[in-house]
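Okay, structure first, notes after.
The values are calculated or read from the model by the stated rules, or taken from the named source; none is laboratory data. Given the structure is predicted, the values throughout are model-derived calculations rather than measurements. As a convention, Cβ positions derive from the backbone with ideal geometry for all residues, glycine included, and neighbour counts pool all protein chains shown. Remember, those area values only see protein heavy atoms, side chains included, never the ligands or the DNA or RNA. Shrake-Rupley method; radii C 1.70, N 1.55, O 1.52, S 1.80 Å.
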Amino acid sequence: QVQLVESGGGSVQSGGSLKLVCTPSGFIFVNYHVGWFRQAPGKEREFVAGVSRIGSVIGYADSVKGRFTISRDNARNQVMLEMNSLKVEDTAVYYCAAAIGPTSKMIDDYQHWGQGTQVTVSS
């Protein structure tokens, strides 16, 4: 059974930090690129950051550049998203997703999705 499980979400004050972890199972993880997406209330889901199957960064959303860092550890089957200098506007449900094929920032190119983890940033 294909699964992606996100962990590490929570509530922090503006300026704080959180580290999200995506743990996959049920498929050959090293064959897939992985992306983090987020969806805030009333807004569309958007790309946040992505990492290729070999660990090179696909890219970051402009709104998180310089504050968020994506990385993966294929030996441990994990993809991490370190989020620093969090802002109120970073509040959203964060999703981990996996894609096979060319690297992409497009939602439709990702085949497997986690259930999401809530990140709430207060002022």
Show me, bin by bin at 5 Å from 0, the whole-percent P(r) of the chain based on Cα pairs. 2, 12, 24, 26, 20, 10, 5, 1, 0
Please return the longest stretch of the chain lacking exposed loop sites, where trypsin sites (Lys or Arg not before Pro) count only if DSSP places them in a loop and at most 15 other Cβ atoms lie within 10 Å. 1-42
Listed by chain and number, the lysines with an alpha carbon less than 16 angstrom from that of Lys65, same-chain partners under 8 positions apart left out, are Lys19, Lys87, Lys105
With θ taken as phi - 60° and the coefficients 6.51, -1.76 and 1.60, list the Karplus ³J(HN,Hα) couplings across the stretch 87-103 in order, rounded to whole Hz; mark glycine and proline as x. 10, 4, 6, 7, 4, 4, 8, 9, 10, 9, 9, 10, 10, 10, x, x, 5
Using a 1.4 angstrom probe, figure out how much accessible area the chain has per residue, in square angstrom, rounded to the nearest whole. 50
In nm, the gap between the two label points placed 7 Å beyond Cα toward Cβ at Arg45 and Ser122 is 2.9
According to the Cα gyration tensor, what semi-axes, each the square root of 5 times an eigenvalue, does the equivalent ellipsoid of the stretch 82-123 have, listed from largest to smallest in whole Å? 25, 11, 8
Cα-based equivalent ellipsoid, the stretch 32-83: semi-axes from gyration tensor eigenvalues, Å: 21, 12, 9
Could you give the length gained by full extension between Val57 and Ser17, i.e. 0.36 nm per residue of separation minus their alpha carbon distance, to one decimal place? 12.4 nm
Size of the stretch 58-116 as Cα extents on the principal axes (Å, biggest first): 32, 27, 22
